[in-house]
Structures are given as C-alpha cells and as structure tokens.
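Scroll down for the structure; my scribbles are underneath it.
What follows is calculated from the coordinates using simple rules that are stated; it is not laboratory data. Note that this is a predicted model, so its numbers are computed, not measured. Using ideal geometry, Cβ is built from the backbone for each residue, glycine included, and neighbour counts are taken over all protein chains shown.
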Amino acid sequence: MENIYAYIDECGAYGFDFAKSSNSTMFIVVAILIKESDRTKVNDALEQIKNKEFSGNEIKSNGIKGNCARRVRILNKVLSLPFNILSFVVNKKEIFSSGGIRKSKKTFYKFINELLYEELRRHYPRLTIITDEVGSHEFTDEFIKYVTKNRKPLSLFDSEEFRIVNSKSINAVQLADLVAGTLSYVYENDKKQKVPKEVDFLHMLNKKLLKINFFPKSYDDKLFEHLEGDANYDINIASIAYRKATSFVETHKDNTDEETRRQVFILQYLLFRFKYNRLRRYISTKELIGALAASHFTPISVPVFRNKVIGKLRDKGVIISSSHKGYKLPSSEAEIYDYYQHVNSVVLPMISRLNKCNDTLKLVSKNNCNYLDKASYKGLHVISNAFREITHQPDIQ
C-alpha cells in the first residue's frame, strides 16, 4: 500500500475581536495529499512555477493577495499536478462565546488539531505528515505537540511519520499555503467581495477537493444554497436527502469495516458536492472510484462499486439519484425522476425478456412447466403477472 504525504498549512488566526482588521472570520487548514510515487513530479513542477511566477521565491498566497487574474493563472498551472486537497474551514463567528474553544487559544488549536489528525489517520494507514516550522505559527506549534503526543498506529500494518520542515525548502507546503489562501477568497466575506463575478475559485479547486469539513455544524447546515426561483430545486427533497446521508455518516463514521468505510467516504464526497448550487451536479462513477483510490482504499471494479457501495447505501434508505451522468444526492423532483427512469429503463426490459424466456420454455417443456411457479421466484412471478397486465401481454397456458 503506497505511502501518502500530507503537507499542512493554514490561513487565518485565533483572534475573535472582529473589529480588528487583522482578525479573520475564518480559520482554514489545508492538507495537500500526494502519493509517494508522485512527489518528485509535483516538486519539480512547483519549482518551475516558483521560478516563473515568484522569481524563485516561495509560492505564497500573500504574495498574490487580491490579484485574481494572477491567482487564476497560477492555479491553472498547479491544478494539473497529481495531488488532492483535504480542508477544514472554521467559521469563528459561529463559535459561541460560552464555548471553551473560543475562550482559550490553546483549546481552539487543540480542537482543530484533533479534527485534522483524526481525519487523516482514518483514511491513510501509511502516512507521512509534513508541516512548517518557520515563523510564529502557533497553530503549527500546537499541531506538532498534539501529533507527537497522540500518534499511534491503527493496526499492525499501519505506519506513520511526522516531519517538521522549513517551508522555504518544501514546495508542497507552499502549495498548501496557496490553496488555504485561495479558500479564504471563497469564504472570507471581505475577500470574496473583491473577486470578479466571472472568477470561481471553488469551482477551479473542485476537481482536487476530496472534502471540506466545516465547523461548527451550524455553518454546515446552511448548505441549501440555490438560485432564487430555481424551478429545479425542491427544499423538501434536498432536506430529506441530506438528513438521510448525514445520519448514515454519523452512525457509521467510526466503523472499521472497509466496505462500510467506502460507503461513508462516498456519502461524504456526495455531501460535499451537494453543499453548493454551483457544484451540485452528477458525479461520474469513474470520478467516485478515483476518489476512493486517491484516499487509499483497495481498488474495486465498477460492478462492485454499484452493488457494494451505491446499492448498499440505498438498502439502508439513503436517497441517491442516478442517471447516465453518474450519481448525486437529489435536490429536485427532476433528479428523483432521473432515478425512477433509470430503474424503469433497466427493470422493465429485464421483466419483458424474462417473460419471453419463460413462455418459450413453457412451450418446449414437459407438462408446460412454468418456472416462475417455483416458491423461490414468488416475487418475480407477481411482478411478471403485473407486467403482463399493464402491457396487455398474454400468458401462454
């Protein structure tokens, strides 16, 4: 199983006095995830980008600031590289003052450290965590303490290494800084107001984003973003699909069975895409299986994915729409119809073919044997008869 390298950096700070311009409303942590076999390729490409776009200096989001055209140009270059993104976005305004997490800087950082570390360890049994030692990074200092104290393998086959580096020498840590800073232009109100309407940083990052975790949950619950008056949106359908999905995730998120872990991961992936109208689209089977592979799950085939992941989730009452374009959590009546039409196009032709097969066998068998009369096919027999009735297809006696 290939080792995964997680390069960590953050954007924002602890402060809760929002009257001060230096205190951001969001605290954003990014982990850039790179397979060991891709490290050299990513590093060499970033070195070229650094030389061309930053005169050989560090790749820093702060060095770009609000120059959106330049940021887009640089992102277009880095997003072609083989890496993925895991992120935590903390809305500090939504953290109530009565909570200890807001009263103590150490508690605040420890809480985020725990979320980040547990997310990484849950998905990557062979993991190297690399973080920056440079500057007065209080979050990094606390993260180092937390990992050093709490790291332990989840099984005999797991391995973990923790490295503290100077970001000036590690290009992938600089990439984490760039992505974290870019996400601040998505979620920080004062920054995103400066972004031209034709620029959509979240959409650009979308193909690399495995997941964005929001805290607190009250911020996550504001996910039903949609265009006002959009006929292709139904709040009732969106709400029930969301509740069913999140309920499954919460119930099974600590399950160690790999099949269940796949199901939880895919639901988390679908939930992330579901959160925003601009990303609310069908996701191809190829992309979903690719996301599983990128998160170090054992490779599975398309039939296994459909049966053991999507099928099992539907067995548990999770509502997932499907069409020739892929899968998604539905947010409209039209997407419910997509699923029904998909089932209709698969099941009814199968019943029709079954009836034709059974009719032919009845004609050539002794005593006109009806194979659907067998007790084990009782359900099929009922469906077969119902199909004959609605299609006016006679039953051969």
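Too long at a 18 Å Cα-Cα cut-off: which of LYS41/LYS211; LYS207/LYS275; LYS35/LYS328? Intermediate values should be presented prior to the final figure.
Values: LYS41/LYS211 24 Å; LYS207/LYS275 15 Å; LYS35/LYS328 27 Å.
Correct reply: LYS41/LYS211; LYS35/LYS328.
What are the lysines whose alpha-carbon lies under 19 Å from the alpha-carbon of LYS110, with same-chain residues fewer than 8 places away excluded?
Once the sequence-local lysines are set aside, what remains near LYS110 is LYS92, LYS93, LYS145, LYS149, LYS152, LYS217.
Please state the Cα pair-distance histogram of the stretch 337-391 with 10 angstrom bins from zero: what percent is in each bin?
The percentages, shortest bin first, are 22, 47, 23, 6, 1.
Assuming R0 = 35 Å, what is the FRET efficiency of ASN67 and ASP315, from their Cβ-Cβ distance, to the nearest 0.05? Could the numbers behind the result be given before it?
Details: r = 51 Å, r/R0 = 1.44.
In this case the efficiency is close to 0.10.
Give me the net charge for the shell around VAL309: Cβ to Cβ below 12 angstrom, other residues only, Lys and Arg +1, Asp and Glu -1.
Summing Lys/Arg as +1 and Asp/Glu as -1 gives +4.
Tally Lys/Arg at +1 and Asp/Glu at -1 over every other residue whose Cβ is under 11 Å from the Cβ of LEU178; what's the total?
In short, 0.
What's the long-distance tail for the stretch 262-397, i.e. % of Cα pairs beyond 19 Å?
61
Please work out the ratio of the alpha-carbon Rg of the stretch 235-331 to 2.2 N^0.38 Å and round it to two decimals.
0.99
Multiply the residue gap between ARG281 and ASP373 by 0.36 nm, knock off their C-alpha separation, and tell me the result in nm, one decimal place. The partial results should precede the final answer.
On the way: separation 92, 0.36 × 92 = 33.12 nm, distance 4.40 nm.
Here the segment from ARG281 to ASP373 would lengthen by 28.7 nm.
Determine the gain in length on full extension of the stretch LYS207-ASP38; use 0.36 nm per residue of separation and subtract their C-alpha separation, reporting nm with one decimal.
Here the answer is 59.1 nm.
If we count other beta carbons within 10 Å of each Cβ, what is the order of ASP254, ASP338, fewest first?
ASP254, ASP338
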